[in-house]
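Enquirer: I'd like to ask you about the structure that follows.
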Amino acid sequence: MNDVPSVRKLLALYCQLLDDRRYEEWSQLFADDAIWSLGGHDHRGPAGTKAFMDQLLRDRPQRRTKHLNTNILIELDGSEGRVTSDYAMLAREPEDAPWRPVAFGRYEDRVVRRADGSRWQFAERRLVQA
Amino acid sequence: MTDEDAIRNTIARFCQHLDSRRFVEWTETFTQDGTFNALHGRAAILKMIQGGELATKPDLRRQHAVTNSIIEVDGDTATATSDLAMYDRYGDGPVTVQTGRYYDRLARQSNGEWLFTERRLEWFG
């Protein structure tokens with residue numbers, strides 16, 4: 001079985017669901033005890049990651065984002081793996097402003113296949129700003 | 001992992017090593033006698049990059065974002081074309097973008113890894 005397409009799907013869903021503000025589904029991409037690390041803070045599991053995004057949306061309701069994920073390097077070992085990739089974030093704020101590239105950096109991930117074999121999830125995603 | 005998956009990893013490694021200024025590891029995505037534009041061999045490629053902007057401008061942050069890869073595998077060799085958006089930022093200044101396209105030839109090595117035998121970059125004016 002080739003798991004690489006499933007891992008690529010996980011990375012794509014992260015960007016699409018996040019930019020579409022579908023935070024409930026997006027948070028399910030994280031394993032129950034996962035760590036999402038950004039800006040020196042760790043957020044844990046689906047509840048912790050969703051709480052952070054819900055607050056960000058309340059703080060900046062007029063900001064829209066587009067995450068572009070490239071340079072995906074996947075190294076799997078059984079039901080675990082390490083993935084590194086690059087992101088660039090475009091943003092518009094307020095919503096009718098032009099899109100501008102505002103940030104870019106790297107994702108450093110640990111991914112795990114769920115015990116029931118159904119899909120891959122993030123055990124850890126660490127954002128490293130370029 | 002399929003051949004195409006392994007080739008995508010090589011294309012990603014090229015970008016990640018380069019932007020993280022791991023220049024020696026970066027040259028190792030080429031075969032020993034590989035070609036990058038007009039340069040032949042890892043030693044010449046390393047010398048070029050050590051005089052380039054990433055090596056000489058410490059406040060430059062750069063990302064080679066490579067996408068739209070079209071990969072054709074034929075036995076132990078392959079060709080690939082990919083698009084490049086290169087993001088630059090100096091300090092807290094604005095993010096700027098330039099674009100181009102890579103034209104690649106790769107070869108499978110005895111350890112199963114795929115390396116560039118030839119990589120050519122054309123900038124879009």
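Enquirer: What do you reckon, is A:Leu68 of a type in the set (A, V, I, L, M) and either more than 14 Å from chain B (Cβ to nearest Cβ) or more than 30 Å from B:Leu84 (Cβ to Cβ) (or both)?
Expert: The answer is no for A:Leu68.
Enquirer: Next question, about the same structure. Would you be able to say whether some residue in region B:62-78 is of a type in the set (Asp, Glu) and either within 14 Å of chain A (Cβ to nearest Cβ) or buried (at least 18 other Cβ atoms within 10 Å of the Cβ) (or both)?
Expert: Taking every residue of region B:62-78 in turn, none turns out to be of a type in the set (Asp, Glu) and either within 14 Å of chain A (Cβ to nearest Cβ) or buried (at least 18 other Cβ atoms within 10 Å of the Cβ) (or both).
Enquirer: Can you give me the number of residues within region B:10-54 that are within 25 Å of B:Glu72 (Cα to Cα), free of Cβ contacts under 8 Å to residues at least 40 places away in the same chain and polar (S, T, N, Q)?
Expert: Of the residues in that region, 3 qualify.
Enquirer: Within region A:12-61, can you find the residues that are part of a loop (DSSP other than H, G, I, E, B) and either over 18 Å from A:Ala123 (Cβ atoms) or of a type in the set (Ser, Thr, Tyr) (or both)?
Expert: Selection gives A:Asp20, A:Arg21, A:Arg22, A:Gly39, A:Gly40, A:Arg60, A:Pro61.
Enquirer: Separate question: I want to confirm something. Restricting to region A:1-40 and keeping residues that are under 22 Å from A:Glu93 (Cβ atoms) and not hydrophobic (A, V, I, L, M, F, W, C), which single residue is modelled with the lowest pLDDT?
Expert: It comes out as A:Gly39.
Enquirer: Follow-up. Test A:Arg126 against the criterion of being among the basic types (Lys, Arg) and under 30 Å from B:Gln98 (Cβ atoms), and give yes or no.
Expert: yes
Enquirer: Based on this model, can you work out whether B:Thr31 counts as within 13 Å of chain A (Cβ to nearest Cβ), in a strand (DSSP E or B) and at pLDDT 95 or above?
Expert: no
Enquirer: With respect to B:Gly100, is the statement that it is closer than 20 Å to B:Thr29 by Cα, touching a residue at least 24 places away in the same chain (Cβ under 8 Å) and not in a strand (DSSP E or B) true?
Expert: The answer is no for B:Gly100.
Enquirer: Follow-up. Among (1) outside any helix (DSSP H, G or I); (2) over 23 Å from A:Arg106 (Cβ atoms), which single condition is B:Ala43 missing?
Expert: Result: B:Ala43 fails condition (1) only.
Enquirer: Continuing with the same structure: Go through region A:87-108 and count every residue that is more than 13 Å from every other protein chain (Cβ to nearest Cβ) and either in a strand (DSSP E or B) or of a type in the set (Asp, Glu) (or both).
Expert: 4
Enquirer: For region A:77-86, name all the residues that are assigned to a strand (DSSP E or B), surrounded by fewer than 16 Cβ atoms within 10 Å (Cβ to Cβ) and touching a strand residue (DSSP E or B) at 6+ places or on another chain (Cβ under 6 Å).
Expert: A:Glu80, A:Arg82
Enquirer: So which residues in region B:59-84 are more than 12 Å from the chain's Cα centre (by Cα), in a strand (DSSP E or B) and closer than 13 Å to B:Asp19 by Cα, if there are any at all?
Expert: Residues satisfying the conditions are B:Leu60, B:Arg61, B:Arg62.
Enquirer: Could you check region B:85-97 and list, in sequence order, the residues that are in contact (Cβ under 8 Å) with a residue 24 or more places away in the chain, surrounded by fewer than 18 Cβ atoms within 10 Å (Cβ to Cβ) and in a strand (DSSP E or B)?
Expert: Matches in region B:85-97: B:Tyr90 only.
Enquirer: Restricting region B:1-25 to residues that are at the interface with chain A (Cβ under 10 Å from one of its Cβ atoms) and outside any helix (DSSP H, G or I), which is farthest from B:Trp114 (Cα to Cα)?
Expert: B:Ser20
Enquirer: Among B:Arg120, B:Arg101, which is the only one that is farther than 22 Å from A:Ala88 by Cβ, among the basic types (Lys, Arg) and touching a strand residue (DSSP E or B) at 6+ places or on another chain (Cβ under 6 Å)?
Expert: Exactly one residue qualifies, and that residue is B:Arg120.
The values are calculated or read from the model by the stated rules, or taken from the named source; none is laboratory data. Fair warning: this is a prediction, and the values are worked out from it, not measured in the lab. Note that we place each Cβ from the backbone using ideal geometry, even for glycine, and neighbour counts take in every protein chain shown.
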